[in-house]
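Scroll down for the structure; my scribbles are underneath it.
The values are calculated or read from the model by the stated rules, or taken from the named source; none is laboratory data. Given the structure is predicted, the values throughout are model-derived calculations rather than measurements.
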Amino acid sequence: MSSNNYNKNSNKNSMSFGKGKNNSAMLGFFFIIICIAVAYYYIYNYNHEGFNSQDLTPASGEVNVVLFYADWCGHCKTFKPIFNDAMTKLDGKKSRNSDINGKTIRLTKVECDENPELGKKYNINGYPTVKILKDDGSVLDYEGGRTLDGMKKFLVVDN
């Protein structure tokens with residue numbers, strides 16, 4: 001008889017994951033986490049990859065400063081945070097560089113393993129490589145330093 005009382009009491013005090021409110025709360029929690037992850041992915045790609053992967057042609061009056069990189073490249077891992085900083089500080093500024101004078105600067109990145117056709121189109125042979133795409137269709141090699149100050153000096157931006 002004591003074994004029956006033990007079983008009745010243990011069932012009352014035990015928690016079951018598969019029943020009741022706990023299951024609904026866990027499903028809701030996982031749904032929210034998945035929604036946040038998907039939203040972050042799309043927001044991150046929109047803000048950091050910038051342009052259509054098939055067309056890097058700048059709008060009239062603009063130049064695109066494009067970082068071509070590979071995620072596995074050690075030099076890219078060093079330069080990418082600097083370029084990200086430049087994206088936040090220089091994007092949308094006007095250039096006074098003699099080759100791109102008065103043009104609005106737009107910065108974007110292209111991961112070449114994901115977009116090999118763009119690497120071929122712009123003759124990318126090593127990483128990281130920065131190219132300046134002008135609105136007239138011409139392409140310039142970036143010849144400045146790989147620091148934020150180097151990028152500012154090369155692009156000669158008004159503050």
| message | Residues that are farther than 15 Å from C112 by Cα and modelled with pLDDT under 60: does the stretch 67-85 have at least one? | response | no
| Those residues of the stretch 116-142 which are closer than 16 Å to N101 by Cα and in a loop (DSSP other than H, G, I, E, B), in sequence order | D135, D136, G137, S138, Y142
| Is there a residue being farther than 18 Å from V139 by Cα, under 14 Å from the mean Cα position of the chain (by Cα), assigned to a loop (DSSP other than H, G, I, E, B) and assigned by TED's automatic domain parsing to the domain that holds D136 anywhere in the stretch 67-80? | yes
| Identify, please: which residue in the stretch 98-115 is under 18 Å from A59 (Cα atoms) and assigned to a loop (DSSP other than H, G, I, E, B) and is, among those, nearest to the chain's Cα centre (by Cα)? | K103
